Every structure is written in structure tokens, then in C-alpha cells.
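Encoded as C-alpha cells, the structure appears first; notes follow it.
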Amino acid sequence: MFSALSSTAENYPYRSDVLWVTVPDHADWLYKTGEKAQVEVQFYKYGIPQDGVEVKYELGGDMMPADKTGSVKLKNGRAVINVGTMKNPGFRDCRLVAVVNGKTYKHHVKVGFSPEKLQPYTELPDDFNQFWQKNMEDAARCPLKYTIKPAPEYSTEKADCYLVKLQCFRPGSYIYGYLTRPKAPGKYPVVLCPPGAGVKTIKEPKRHIYYAEEGCIRLEMEIHGLNPEMSAEEFKEISSAFGNYLVNGIDNRDNYYMKKVYMSCVRAIDFLTSQPDWDGKNVIVQGGSQGGALAIVTAGLDKRVTACVANHPALSDMAGYKAGRAGGYPHLFKNYKGMDTPEKISTLAYYDVVNFAKQIKVPVYITWGYNDDTCPPTTSYIVYNVLDCPKDALITPINEHWTSDDTEYGQLKWIQKHLK
């Protein structure tokens, strides 16, 4: 009954007949360690409180197995659940199930206990900076070759769009991206937007066209060398060869798949700053999930970056499960076998977002939700806590693994306020 919630689920699904409302007794959903939390549960169908419905619940740490189960019966559509407390900083998850007319409805709510005190399990290797400096020097030897092809189907009256093919890691190794720029002549900030996780091409390149329409040059990139113009049949055939890239070569820091990804982000900055309409000052990185991770990684590696925006960053404190609490996506120690080896632990330390976050000195803006089971709030707090730079946070407790259009547009407004 208490199967894992889908990472694509939403607390308020579109056109649903039912509505869950969960109200912690602290308005900000936060408590100090040792404090006890309560959550009022409300359940409506067609907007009508459902009286007498039994709600089963389980309680456990963020991404952890349940340590307590029980049930409550709704009176006038409401009931109160004692969530308990935590001795150590972290999050506690209240997972709910109700069966009405033979149909099962699920919901969950996480509350935090002194999360501002969370610190990473992952340690910083002594030669972390030397390792990445050498990799950047090696990548820089690859000639920066590229083609730019107009994509008028994604252009507007104020912005032009182009499909870019960029050689950036080693000769013959390419990535693709959609470059949008203002039509009006001038000098503009550049914004790099790395992708979320998955073997996929770039979708909906026009969705964030407002960056270019409001005065930014923006490159939305992919990381696998997959041309977004290929047919669905071609994509299916090629993408099937990748397997799970996030574990490819993980036994050795020099062979891990993500090395070329991290270096491709830095070389994408080389490309953007080579454009004649760059303003010569502002370089911003911005992304969500894996893209949020890559934004922070790039800001930690490349001193040309002047500001960073990240939504619920993945790849953060990935070995955190060894501390008995949630680790970051892709949840290697939860979803994969054979990951807990000295070699893999060592590799992860060189690629973990928390260690790049420690290097950043420019302004950073991070947003995350508490109900996220893909990039859990435990790891987002850890990233935010280790930042030693000007930083802002937008915390949206109800959110799972998504951000609203308003939140994403607000990130552009934050970027514009931090331009040099």
C-alpha cells in the first residue's frame, strides 16, 4: 500500500476530483530538533469534506523506511496526526493513503527539524581543485569548433533562435544547444542553462524565450550529443545505447561519464563568451534538478561565472545515505546494488555538488520544495548551508519536483538585479 510515490506525482494534480490539504502546526513547516510536530489532514471530494474516511499513514525520515504506522478517521473531513520529532537535523515524512469507493488516493507532507544545521556526509578531497584544474586544462586543448544554424520556428519578433553544434570535450565529441539572442543590436549578458537528468534531446526551446526578449543571450544545452532535430525513431535507437549514464565509469574518477559533462558546461561558457554581442561582464548559469547541479558545478569551476540560479539541485551529498539519512539524486545507495565501495565513494566525492558549492564566491539563488522525493529537501538544505557567498533562497514547502512558471520567471528578475 505504501509504495514509493512517483517522482512525477503532484500534490494538486490537474482536474482531480479529490483534494488533500495538510497543515502542519508550524506555519513554515519547520521545527527545532526535539520539538513535536502535528499535521492536520483534510480530504475533499468535489470540494466536499469526506466524513468517516479512514486515512492510513506511515511516518519516517526523508526517503527512509517507515518507523511508525497508524490510521485516523476523518471527522468533517479532518483529522490530526502526531508526526513526532527528530533528535538530529533533517526531515520527517508523513505518507498518507485513503481508499474511497474502491479507489486509492495518496499524498505526503514533509516537515523539517533544524534543517539549517544539516551538513554533508561527503568530504572534500585534498586534491579536489588540482584534479579539476587539470581536467579543464585538458578540455581547453580541444579546438572550440561549432556550427550555428537558424531555427526560425523558435524565433519571435524580439528574439532569434539558433541550433548550435559544439565540439567541446575532445575532437569528434559534440553537444547541441538552442541559442536565443535579442534581435536588437547591443551587448548582452550570457546565460547557460544545462539540462535535467535523462537521455533526451532539448524540448520546448521557446518556453524560456523571454530571456532573449528581455535582454539576455541564452544557451539551453543537452549533454549527450543528441541532435534535437533527429526523428523519434532515430532517437530511440541511439538513446538505448546509453544505459544509465550516471553510473557509467563510476569506479574511477578519471573515467566517470560526468567528467565530460562537467567539462562541456565549462566549454559552453567558452562559446558564449566568444560571441560578439556578449557584454564582456555577465556570465550566469541557471538550471533545475540535474541542471541545477550542473549550474552549481559550473559556478564552482569557472571563475568567469558572475551569478548562479539552481532549482532543487541533484547530485548533492549523494553518499548521505551512509549517514542514515537521505542522499541526493540519483539515490545510488538506495536504488542500486554494489555502490558502497571505496572506489565509488572516492569518485563521488570529486563529482558531488556540495564540494563545488564550497568553491563559489558569487551570488547564488536556490529554490526547493519540501515534498520532493527526487531531489529531497535534506540535500537542498545541505547545498545551501555550505555556500560561503551571497545567497538567497525561495523555499516552497508544498512543491514536489517542480517549479511554477512564475517561479521560473522570477529567476530572470533575480538575475537582472544581479547584473554588473
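The values are calculated or read from the model by the stated rules, or taken from the named source; none is laboratory data. Just so it is clear, the model here is predicted, and its values are computed rather than measured. Glycine gets a Cβ as well: all are built from the backbone with ideal geometry, and neighbour counts include every protein chain shown. The protein model used for the area step is the full one, side chains on, heavy atoms only, and it has no ligands, DNA or RNA in it. Shrake-Rupley method; radii C 1.70, N 1.55, O 1.52, S 1.80 Å.
Numbers below:
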item: Cross-chain or 6+ apart pairs with Cβ under 8 Å, segment 333-348 first and under 12 Å from residue 318 (Cα atoms), then open to solvent by 60 Å² or more (accessible area, probe 1.4 Å) and in a loop (DSSP other than H, G, I, E, B); result: 333/340; 344/251; 346/253; 347/251; 347/252; 347/253
item: Condition check for residue 338: modelled with pLDDT under 95 and not aromatic (Phe, Trp, Tyr); result: yes
item: Members of segment 73-97 found to be of a type in the set (A, V, I, L, M), touching a Phe, Trp or Tyr at 6+ places or on another chain (Cβ under 8 Å) and open to solvent by 30 Å² or more (accessible area, probe 1.4 Å), listed by number; result: 86
item: Segment 129-154, residues that are of a type in the set (S, T, N, Q) and under 17 Å from residue 303 (Cα atoms); result: 129, 130, 133, 135
item: Test: residue 244 is in contact with a Pro (Cβ under 9 Å, 6 or more places away or on another chain), polar (S, T, N, Q) and open to solvent by 30 Å² or more (accessible area, probe 1.4 Å); result: yes
item: Qualifying residue in segment 319-329 (condition: more than 21 Å from residue 126 (Cβ to Cβ), touching an Asp or Glu at 6+ places or on another chain (Cβ under 8 Å) and open to solvent by 10 Å² or more (accessible area, probe 1.4 Å)); result: yes
item: Leading residue by the ranking (least open to solvent (accessible area, probe 1.4 Å)) among those in segment 197-215 that are of a type outside the set (A, V, I, L, M) and not in a loop (DSSP other than H, G, I, E, B); result: 211
item: Meets criteria (in contact with a Lys or Arg (Cβ under 9 Å, 6 or more places away or on another chain), open to solvent by less than 80 Å² (accessible area, probe 1.4 Å) and either in contact (Cβ under 8 Å) with a residue 40 or more places away in the chain or not in a helix (DSSP H, G or I) (or both)) for residue 178; result: yes
item: Within segment 384-420, tally of residues that are farther than 29 Å from residue 215 by Cβ and part of a helix (DSSP H, G or I); result: 2
item: Any hit, segment 325-335, residues being touching a strand residue (DSSP E or B) at 6+ places or on another chain (Cβ under 8 Å) and modelled with pLDDT of 95 or more; result: yes
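Residue-wise test of (1) farther than 30 Å from residue 48 by Cβ; (2) open to solvent by less than 80 Å² (accessible area, probe 1.4 Å); (3) not aromatic (Phe, Trp, Tyr).
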position: 104; (1), (2), (3): no, yes, yes
position: 122; (1), (2), (3): yes, yes, yes
position: 138; (1), (2), (3): yes, yes, yes
position: 141; (1), (2), (3): yes, no, yes
position: 144; (1), (2), (3): yes, yes, yes
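So that you can scan it fast, the table gives a plain yes or no per residue for (1) closer than 15 Å to residue 83 by Cβ; (2) modelled with pLDDT under 85; (3) open to solvent by 50 Å² or more (accessible area, probe 1.4 Å):
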| residue | (1), (2), (3) |
| --- | --- |
| 3 | no, yes, yes |
| 8 | no, yes, yes |
| 25 | yes, no, yes |
| 34 | yes, no, yes |
| 43 | no, no, no |
| 46 | no, no, yes |
| 50 | no, no, no |
